[in-house]
Amino acid sequence: MGNITLKNVSKSFGSTTIIPNIDLNIEDGEFVVFVGPSGCGKSTLLRLIAGLEDTSGGTISIDGRDVTQEAPAKRKLAMVFQSYALYPHMTVAKNIAFPLKMAGEDQATIDKKVKDAARVLNLTNYLERRPGQLSGGQRQRVAIGRAIVRQPSAFLFDEPLSNLDAALRGTMRLEISELHHQLKTTMIYVTHDQVEAMTMADKIVVLNAGNIEQVGSPMELYRTPKNLFVAGFIGSPKMNLIEGAPADKYGAKTIGIRPEHINISTTAGDWKATVGVAEHLGSDTFLHVQTDGIGTINVRADGEVAVKHGDTVYLTPDKTKLHRFGADGKALAQ
Amino acid sequence: MARAVTTQHKTIATTAAWIVALLIFFPILYTIITSFKSEQEAIQGFALIPSGTTESYAEVQAQSGYFKFFLNSVILSVGSTVLALLIAVPAAWSMAFSPTKRTKDILMWMLSTKMMPAVAVLFPIYLIFRDTGLLDSRIGLTVMLMLINLPIVVWMLYTYFREIPGEILEAARMDGASLWNEIIYVLTPMAVPGIASTMLLNIILAWNEAFWTIRLTTTDAAPLTAFISSFSSPQGLFWAKLSAASTLAIAPILIMGWFSQKQLVRGLTFGAVK
């Protein structure tokens with residue numbers, strides 16, 4: 001079981017409030033991603049759940065049990081750190097075995113579980129090596145191994161992939177998602193990378209300045225962002241946010257249109273524009289265009305679009321996919 | 001071409017390093033050479049080849065009893081080091097892992113005590129030692145040597161402990177380790193190299209300390225530094241014997257230094273580069 005509930009949780013360091021007041025419910029077996037820009041309090045929130053930081057107010061419960069005052073060791077959670085945090089003086093086998101040893105398991109059980117974890121994570125040939133002799137990806141796998149052997153009620157990941165290169169990050173992302181499918185254990189994953197959030201999460205929690213901006217499935221956030229912050233943060237490339245006359249026309253302070261929801265034509269359309277940079281990727285074409293009276297707009301088109309720098313194009317936003325926001329930044333009914 | 005230049009540079013640098021090393025080591029080397037000369041040879045002038053006699057060593061041992069001084073040196077240097085570590089390990093630990101706003105100031109203050117010339121406090125300390133009956137006592141001198149080196153020991157350990165990432169300790173906590181298990185299985189193994197090299201350096205510093213050991217002892221607690229100085233004053237012209245005494249005094253620490261140089265160099269340069 002791994003149901004985690006936060007009620008009125010707050011955290012301050014001296015007079016600085018990092019997390020003002022948060023309520024959140026994480027269901028058993030869910031893959032929840034905390035996402036937000038640097039300094040939004042997502043790591044602090046994870047550390048509060050882990051017990052590595054004391055709360056300034058509110059309660060944290062795991063499976064209905066109030067653990068707010070409990071030490072990290074007693075919460076039955078496992079954590080994977082950004083820096084891997086492996087024990088440098090122990091071999092891979094001993095690193096993975098450490099939590100089992102602390103739990104007082106007998107040697108035969110420890111050996112079996114370490115072997116099983118090593119097999120799952122492709123570490124069998126590295127069990128006698130020390131962390132210093134491993135690559136970044138292997139180290140991260142050892143850290144995950146150390147977390148899974150305990151069969152915790154939930155896994156906490158604190159930006160686990162940010163020290164890896166892009167290719168490895170992609171592979172590890174798949175491996176972690178695969179692991180979640182296999183183990184079906186609650187996972188809380190902190191990242192500033194919205195692509196990781198979108199691809200891995202069952203539920204995304206978007207944080208900004210310690211507040212929860214929106215909670216929902218990746219597609220909910222993509223389709224119906226509640227406010228300008230979520231609209232601008234979720235989606236890659238970013239949503240185009242337009243103010244002024246074009247927004248007034250739709251009765252909003254700001255309108256938002258995703259780059260993939262703009263139709264491009266060389267003959268006719270709503271907005272006349274000049275192509276600045278055209279990125280041809282084969283599968284997609286990304287255009288950065290200067291639009292008269294609006295400014296720069298990003299457009300994403302499927303496949304190859306034969307335009308180049310300086311060409312005149314006409315853009316037409318898909319009216320059904322248009323987002324409208326009021327003066328307070330909140331979304332208006334579509 | 002580039003490789004030739006590099007090789008040439010390397011040769012020049014190596015030669016220069018050897019010359020500098022020999023220059024630094026030469027006084028010690030010449031002391032050892034002189035100790036194997038007769039008194040006659042020793043006063044005749046500069047000569048690098050001794051006759052090889054060991055008469056000076058025999059006389060020095062017969063006159064003064066080297067082993068009593070040696071034993072005192074061992075007791076004082078090891079004793080003061082153990083005492084310093086007992087105080088410095090918790091101090092450095094708390095400053096490294098639970099720093100406050102004042103931690104840096106405290107560290108600077110501790111270091112500033114090393115900036116004062118020792119002679120400035122000679123009289124008060126001498127009087128305290130006299131009045132408390134600590135003059136010429138091993139206990140008094142052990143405490144004194146511990147206090148002298150404590151700032152350096154705290155600094156070195158602090159630097160080592162700072163290198164241990166906090167996340168590793170947090171990982172241990174998440175893995176279910178109690179505070180005791182955290183200390184036994186994670187902290188200590190990671191800190192041992194640092195503590196070991198600090199210990200070695202402190203033993204050397206305490207072994208070589210001459211200002212206080214000579215001034216606060218006469219016979220009972222006198223270490224090897226006092227042993228050398230006892231030859232220099234009344235028998236100042238007996239260079240060979242003085243050299244033999246010096247060689248005997250520095251030999252143990254040279255041998256220890258030689259076998260532990262890897263640890264020492266790591267200790268002295270630790271944290272210099274990431």
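A few points about this structure:
- For the stretch B:154-165, the criterion of a residue being polar (S, T, N, Q) and in a helix (DSSP H, G or I) is satisfied by at least one position.
- Number of the condition not met by residue A:299 [criteria: (1) without any contact (Cβ under 8 Å) to a residue 60 or more places away in the chain; (2) out of contact with any Phe, Trp or Tyr (no Cβ under 9 Å at 6 or more places or on another chain); (3) aliphatic (A, V, I, L, M)]: (2)
- On the stretch given as the stretch A:1-29, residues that are part of a loop (DSSP other than H, G, I, E, B) and surrounded by fewer than 21 Cβ atoms within 10 Å (Cβ to Cβ) total 7.
- Residue A:53 exposed (fewer than 15 other Cβ atoms within 10 Å of the Cβ), more than 8 Å from chain B (Cβ to nearest Cβ) and either assigned to a loop (DSSP other than H, G, I, E, B) or within 25 Å of the chain's Cα centre (by Cα) (or both): no
- Taken together, A:249, A:184 contain a single residue that is out of contact with any helix residue (DSSP H, G or I) (no Cβ under 7 Å at 6 or more places or on another chain), free of Cβ contacts under 8 Å to residues at least 60 places away in the same chain and of a type outside the set (Val, Ile, Thr), which is A:249.
- Residues of the stretch B:174-184 that are within 12 Å of residue A:87 (Cβ to Cβ) and more than 7 Å from every other protein chain (Cβ to nearest Cβ): B:182 alone.
- Conditions (1) away from chain B (no Cβ under 14 Å); (2) touching a residue at least 12 places away in the same chain (Cβ under 8 Å); number of the one not met by residue A:108: (2)
- Scan of the stretch B:198-218 for residues that are under 14 Å from the mean Cα position of the chain (by Cα), not acidic (Asp, Glu) and not in a helix (DSSP H, G or I), ordered by number: B:210
- Across the stretch B:185-201, the qualifying residues are those that are hydroxyl-bearing (Ser, Thr, Tyr) and crowded, with 18+ Cβ neighbours inside 10 Å, and the one among them that is nearest to the other protein chains (Cβ to nearest Cβ) is B:185.
- Of note, residue A:140 satisfies the criterion of being more than 10 Å from chain B (Cβ to nearest Cβ), crowded, with 21+ Cβ neighbours inside 10 Å, of a type in the set (S, T, N, Q) and closer than 27 Å to residue A:201 by Cβ.
- Residue in the stretch A:87-105 that is within 14 Å of another protein chain (Cβ to nearest Cβ), touching an Asp or Glu at 6+ places or on another chain (Cβ under 8 Å) and within 30 Å of residue A:194 (Cβ to Cβ) present: no
- Note on the stretch B:58-81: residues that are over 30 Å from residue B:139 (Cα atoms) and of a type outside the set (Asp, Glu) amount to 1.
- So residue B:106, is it β-branched (Val, Ile, Thr), part of a helix (DSSP H, G or I) and without any contact (Cβ under 8 Å) to a residue 60 or more places away in the chain: yes
- Any chance residue B:171 is within 14 Å of chain A (Cβ to nearest Cβ), within 27 Å of residue B:255 (Cα to Cα) and in a helix (DSSP H, G or I): no
- Just one of the listed residues (A:80, A:35) is of a type in the set (Val, Ile, Thr) and within 14 Å of chain B (Cβ to nearest Cβ), and it is A:80.
No lab work stands behind these numbers, since they all come straight from the coordinates. Being a predicted model, the structure only gives us computed values, none of them experimental. Please note: Cβ atoms are built from the backbone with ideal geometry, for glycine as well, and neighbour counts cover all protein chains shown.
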